[in-house]
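Participant: Take a look at this one; I'll ask things after.
The values are calculated or read from the model by the stated rules, or taken from the named source; none is laboratory data. None of these values were measured; they are calculated from a predicted model. Here Cβ is always computed from backbone atoms with ideal geometry, including for glycine, and neighbour counts include all displayed protein chains. When the accessible area is computed, the model is the full protein with side chains, heavy atoms only, and any ligands, DNA or RNA have been set aside. Shrake-Rupley method; radii C 1.70, N 1.55, O 1.52, S 1.80 Å.
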Amino acid sequence: MNDRFLINKTAVVTGAGQGVGQGIAISLAERGATVALLGRSLEKLETSRNLIEQAGGKAIAIAVDVKNASELAAAIERVVNETGGIQILVNNAQEVPLGTLLAVAEEKIEAGWQSGPMATLRLMKLCYPYLRGDGVIINLASSVGMRWDMSGYGAYAAVKEAIRSISRAAACEWGAERIRCNVILPHAMSPGLKTWTENRPQEAAEFIASIPLRRIGECKEDIGDFVSMLCSDHSRYVNGQTIALDGGQARVS
């Protein structure tokens, strides 16, 4: 397999300033793609851009609130104007509404909805004209929707499961136009997960013990590199799937 199998492709990655989004962006750039880095913090995005450019890749940093429809439209317009098109869209950004149903604030749920499924759908529609013919969409959901005990995670699972439904619809509706859409369920040591493991050490230990490989994944090597392959012609017949990148923990249905 040629390591530069995404050359001449442009990828948009949201939440690209850290964690899984950064890992995906770096991997796509290593494979030859020009990567548009979208996120709230320009400082974090510039860190990702510098890492990519130091390794010989190309990237554009665009500060944007994914909950803001007009900012998303302006960002996509800028990407197209500067690169000529878009072949890959990775929807990673997500505000996480955690808490029991009686405790979680409606404002948190609304932010989760707007940053997750609504931003995902808006970006899919904005990128659709450019993805037609050879486009790939990768949306990030979570295996939290498969927990046997959903206590404290119901709102988060709800927004993530909505992303799965939207993704399956896109795979079916746009497949004939040669747009593939898949979902990944990643476990990786992002800043958010690191904080969770530190704040809930007992739950984190139980969580890791439930992973057959007995470890949490790496943002770039375990998640990013798989996403790069999924975006390539080597995965050209994979469409409409939910794929757990979690060391074997979840049994996806």
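Participant: With respect to the numbered conditions (1) in contact with a strand residue (DSSP E or B) (Cβ under 6 Å, 6 or more places away or on another chain); (2) at pLDDT below 95; (3) of a type outside the set (D, E, K, R), which one is the sole condition not fulfilled by residue 55?
Facilitator: Exception for residue 55: condition (1).
Participant: Starting from residues that are under 23 Å from residue 26 (Cβ atoms) and not hydrophobic (A, V, I, L, M, F, W, C), keep the ones in the stretch 66-82 and report whichever is surrounded by the most Cβ atoms within 10 Å (Cβ to Cβ).
Facilitator: Result: 78.
Participant: Still on this structure: Please name all residue pairs, on different chains or six or more residues apart, with Cβ atoms under 7 Å, provided the first residue is in the stretch 1-27 and is within 15 Å of residue 192 (Cβ to Cβ) and open to solvent by less than 10 Å² (accessible area, probe 1.4 Å) and the second residue is at pLDDT 95 or above and basic (Lys, Arg).
Facilitator: So the pair list comes out as 23/220.
Participant: Additional query: So is residue 34 polar (S, T, N, Q) and within 23 Å of residue 232 (Cα to Cα) or not?
Facilitator: Details: polar (S, T, N, Q): yes; within 23 Å of residue 232 (Cα to Cα): yes.
Yes: the conditions hold for residue 34.
Participant: Could you please tell me which pairs satisfy a Cβ distance under 6 Å, a separation of 6+ or placement on different chains, a first residue in the stretch 135-156 that is at positive phi, and a second residue that is in a loop (DSSP other than H, G, I, E, B) and modelled with pLDDT of 95 or more?
Facilitator: 152/100
Participant: Right, another one. How do the pairs read when you match residues in the stretch 185-203 that are without any contact (Cβ under 8 Å) to a residue 24 or more places away in the chain with residues anywhere that are hydroxyl-bearing (Ser, Thr, Tyr), using Cβ under 9 Å and keeping only pairs 6 or more apart or on different chains?
Facilitator: Here the result reads 203/197, each pair linking the stretch 185-203 to a residue that is hydroxyl-bearing (Ser, Thr, Tyr).
Participant: What number of residues within the stretch 1-35 are polar (S, T, N, Q), touching a strand residue (DSSP E or B) at 6+ places or on another chain (Cβ under 6 Å) and more than 14 Å from residue 136 (Cβ to Cβ)?
Facilitator: Keep residues of the stretch 1-35 that are polar (S, T, N, Q), which gives 2, 8, 10, 14, 18, 22, 27, 34.
Those left that are additionally touching a strand residue (DSSP E or B) at 6+ places or on another chain (Cβ under 6 Å): 10, 14, 34.
Cutting the leftovers down to more than 14 Å from residue 136 (Cβ to Cβ) gives us 14, 34.
Residues that pass the stated criteria total 2.
One line per residue, one yes/no per condition, for (1) open to solvent by less than 60 Å² (accessible area, probe 1.4 Å); (2) of a type in the set (Phe, Trp, Tyr); (3) not in a loop (DSSP other than H, G, I, E, B):
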| position | (1), (2), (3) |
| --- | --- |
| 94 | yes, no, no |
| 97 | yes, no, no |
| 103 | no, no, no |
| 113 | no, yes, yes |
| 116 | yes, no, yes |
| 120 | yes, no, yes |
| 145 | yes, no, yes |
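Participant: Go through the stretch 36-54 and give me each residue that's small (Gly, Ala, Ser), free of Cβ contacts under 8 Å to residues at least 40 places away in the same chain and closer than 24 Å to residue 136 by Cα.
Facilitator: Our first condition is that a residue be small (Gly, Ala, Ser); within the stretch 36-54, this holds for 36, 39, 41, 48.
Adding the requirement that they be free of Cβ contacts under 8 Å to residues at least 40 places away in the same chain leaves 41, 48.
Passing the criteria: only 48.
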